[in-house]
1. Tell me, please, whether a residue that is modelled with pLDDT under 85, out of contact with any Phe, Trp or Tyr (no Cβ under 9 Å at 6 or more places or on another chain), open to solvent by less than 40 Å² (accessible area, probe 1.4 Å) and within 12 Å of chain B (Cβ to nearest Cβ) can be found in segment A:213-228.
2. Among B:His139, B:His95, which is open to solvent by 20 Å² or more (accessible area, probe 1.4 Å) and either touching a residue at least 40 places away in the same chain (Cβ under 8 Å) or within 22 Å of the chain's Cα centre (by Cα) (or both)?
3. Considering only residues that are of a type outside the set (Lys, Arg) and open to solvent by 70 Å² or more (accessible area, probe 1.4 Å), which ones fall in segment B:1-31?
4. All but one of (1) over 19 Å from the mean Cα position of the chain (by Cα); (2) open to solvent by 10 Å² or more (accessible area, probe 1.4 Å); (3) small (Gly, Ala, Ser) hold for B:Ser105; state the number of the condition that does not hold.
5. Which of the residues that make up segment A:163-188 are within 16 Å of A:Gln251 (Cβ to Cβ) and either touching a helix residue (DSSP H, G or I) at 6+ places or on another chain (Cβ under 9 Å) or of a type in the set (Ser, Thr, Tyr) (or both)?
6. Among (1) in contact with a Pro (Cβ under 9 Å, 6 or more places away or on another chain); (2) open to solvent by 30 Å² or more (accessible area, probe 1.4 Å), where does B:Arg187 come up short?
7. So, in segment B:115-131, how many residues would count as being open to solvent by 30 Å² or more (accessible area, probe 1.4 Å), on the phi < 0 side of the Ramachandran plot and touching a helix residue (DSSP H, G or I) at 6+ places or on another chain (Cβ under 9 Å)?
8. Taking the condition of being open to solvent by less than 60 Å² (accessible area, probe 1.4 Å), part of a helix (DSSP H, G or I) and of a type outside the set (S, T, N, Q), how many residues in segment A:232-285 meet it?
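The values are calculated or read from the model by the stated rules, or taken from the named source; none is laboratory data. Every value quoted in this text rests on a predicted model; they were computed, and no experiment measured them. Every residue, glycine among them, receives a Cβ derived from its backbone with ideal geometry; neighbour counts consider all protein chains shown. Keep in mind that these areas ignore ligands, DNA and RNA; they rest on the heavy atoms of the full protein, side chains included. Shrake-Rupley method; radii C 1.70, N 1.55, O 1.52, S 1.80 Å.
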Amino acid sequence: MTVDTRQNLTLRQWMTTEEVTNGRQAFVQKVYWGAVGFLQNPLALIGLAVIVVLLLVAAFAPLIATHDPLAQDLGAALQPPSAAHYFGTDELGRDIFSRIVFGSRITLYIVMLVSVIVGPIGMAVGMTAGYFGGWTDKVLMRVTDIFLSFPSLVLALAFAAALGPGLENAVIAIALTAWPPIARLARAETMTIRSSDFIAAATLQGAGSIRILRHYIFPLCLPSVIVRITLNMAGIILTAAGLGFLGLGAQPPAPEWGAMTSAGRRFMLDSWWVVTMPGSAILIVSLAFNLFGDGLRDFLDPRHGR
Amino acid sequence: MSMIDVRKLSLDLGEGVRRRQILNDISLSVEAGDSFGLVGESGSGKSTVLRCIAGLYRHWTGEISIDGQTFASADRMGWCRKVQMVFQDPYGSLHPKHKIDTILSEPLRIHGFKDIDRRVSQILTQVGLGPRFRYRFPHQLSGGQRQRVAIARALILEPKILLLDEPTSALDVSIQAEILNLFSDLREQLDLTYLLVSHDLAVIDHMCSNLAVMRSGSVVESLSREQMVHGGATERYTNTLLRASEKYDRELVDELAAAS
C-alpha cells in the first residue's frame with residue numbers, strides 16, 4: 001500500500017511534492033522542511049556541532065585522552081600547555097586535557113539524568129493541573145510553588161549534609177528544583193489549548209480525559225517543553241559546576257569541570273591554565289546548548305512552523 | 001415526534017459576583033429532517049444553546065431530548081453518535097499536528113469501528129475533497145478545505161443531527177456559497193437534521209425553513225421562513241433585526257443602541 005508507483009520521482013521531489021500519498025511521506029516531508037529551516041540557522045548549527053563533538057568525546061574518551069586522568073606526577077606539576085600536555089597539568093601533575101575529556105562524561109551524565117527526571121514529571125504535573133483546573137490545579141500548583149521556592153544550591157547543601165556529597169545527590173537536588181518551571185510552562189500551554197475548538201470536537205466524539213491529554217495536548221506541549229529543557233541544560237551544567245566548585249558534586253579525584261575550576265583557583269595567578277581550561281569547557285558547552293535550544297525552538301514550535 | 005426538543009433550558013456561567021445568567025428559559029423543537037435557524041446579535045447565547053445540546057456544558061437546568069431520548073438518560077457515547085457539531089473557525093477547530101487522516105480516524109477508533117480506511121476515504125469524497133488530501137496537515141489547506149474536513153469529521157460517526165455554529169462566517173463569500181450548498185446536498189443524501197446558528201439572515205433564508213430569534217439569552221420569537229420573508233414577524237425586535245439586514249441605516253443603529 002505504501003509502495004510509490006511514481007518511480008520517476010527523485011528523492012528530493014518525493015520530499016517536496018504537493019501530492020502526498022501516504023502517512024510516511026507526510027512525516028518525511030515535515031522533517032525535511034524542518035531540517036531545511038534548521039540548516040539555514042548558522043548559530044544553531046554551531047551549537048549542534050559542539051554538542052555532537054561533546055557526545056563523541058564522551059563516547060571515545062579513552063581513545064582521545066593522552067594520559068590517565070587520575071595519574072599523578074608530582075615532578076610535572078603545574079606545567080604550562082605544551083606538546084606533551086595540550087592544556088598543561090594541574091597541581092598534582094595530572095594532564096588537564098585528559099581530565100576535561102573524561103569530565104565530559106560526568107557533565108553529560110548529569111545533564112541527561114536531570115532532563116530525563118525533570119521532563120516527564122514537569123509535563124505530567126503541568127498538563128494535569130492545566131487540563132482539569134479547579135482544585136486539582138490549585139493543589140498541584142501550590143506544591144509546585146513550594147518546590148520553586150527552594151534555592152537549588154541551599155537544597156543541595158541540605159542533601160549533601162543528609163546523604164553525603166556525591167554526584168547522585170547533586171543530580172537529585174538539581175532535579176528537585178528544575179521541574180517546577182517545566183510544570184508551569186506545560187500548564188500555561190495546556191490552558192491555552194484546553195479551550196480550543198479541536199478539544200471541544202474531541203470531547204464531542206467521546207474522547208476521554210486521558211486520550212485528550214495524550215493525543216491532543218501532549219503533542220502540542222512537547223515542542224516548547226523540549227526547547228525549554230534544552231535551554232535549561234546550560235543552567236544545569238552551571239549549577240552542577242557550581243556544586244562541584246563548592247565541593248558538593250562529584251568528589252575528588254573525579255574530573256568534574258566545576259571541581260577542577262575550584263581546585264585551580266589557588267594557582268590562578270601563576271598558572272592560568274588550571275582554571276581557564278575547565279572554565280572554557282563549561283562556557284563553550286553551556287553556550288552550545290543555548291544556541292541549539294534557540295534553533296530548536298524555530299524548528300519545533302508550531303507557531304513558527306510552515 | 002420532534003428530533004430535537006429543548007424545554008426551559010437555563011444556564012449560569014461564572015462564580016460568585018461574576019455569576020451571570022447566559023440562557024433563560026429557552027424552548028424550541030426541531031422536526032426530523034428540518035433545518036432550524038437560530039439568529040440574534042453577538043452575545044445573545046445562540047452558540048451556548050448548541051454547546052448545551054452537544055453536551056459541552058453539563059450544568060444547565062431544564063430538559064434536552066434528542067430522538068425521544070433525554071440527555072439525563074442517554075449514555076455519553078450514544079449521544080456522540082447522534083449529535084455532532086461544526087465550529088465557526090476552521091483554523092481553530094482542527095488539531096494543527098494531526099494529519100487529516102488522523103483527524104478523521106480518531107473518532108472511528110474511539111467508537112471501535114473496523115473498516116476505518118474505507119470510511120475515511122468515503123467521507124473525504126463525500127465532502128468534495130479527494131483522497132489526495134488525506135495525508136496533509138491542516139496548515140497546508142485553505143479555509144474552505146479545512147471547513148470541509150471539519151464537516152467530514154462531524155459526519156464520520158454518522159450522526160442524525162448536525163449543530164452548525166456559524167459554519168460559514170469565517171469564509172469568504174464565494175466559498176460560503178459552496179459550503180452552504182454542500183450542507184444542503186448532505187442533508188438530502190444523509191437525512192440530517194440541522195440546527196444552524198448565524199447572525200447572517202441571508203444564510204438563514206437560504207438554509208432554514210423555521211427559525212427562532214434570540215436576544216440576551218431568551219427566545220424573542222419563533223417563526224417560519226415564509227413569515228420572515230413576508231413580514232409576518234410580530235415582535236418589534238425581530239423587525240428591527242430584519243430591517244438591519246437589508247441596509248445600513250443610521251437611525252436603526254441608534255434605535256438598536258437605545259434599546260440595549
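1. no
2. On the way: B:His95 fails: open to solvent by 20 Å² or more (accessible area, probe 1.4 Å).
On inspection, the qualifying residue turns out to be B:His139.
3. Step one: filter segment B:1-31 for residues of a type outside the set (Lys, Arg), giving B:1-6, B:9-17, B:21-31.
B:Met1, B:Glu15, B:Val17, B:Gln21, B:Asp25, B:Glu31, listed by residue number.
4. Of everything listed in (1) over 19 Å from the mean Cα position of the chain (by Cα); (2) open to solvent by 10 Å² or more (accessible area, probe 1.4 Å); (3) small (Gly, Ala, Ser), B:Ser105 misses just condition (2).
5. Step one: filter segment A:163-188 for residues within 16 Å of A:Gln251 (Cβ to Cβ), giving A:163-173.
Selection gives A:Leu163, A:Pro165, A:Gly166, A:Leu167, A:Glu168, A:Asn169, A:Ala170, A:Val171, A:Ile172, A:Ala173.
6. (1)
7. Qualifying residue count, segment B:115-131: 8.
8. Number of matching residues: 26.
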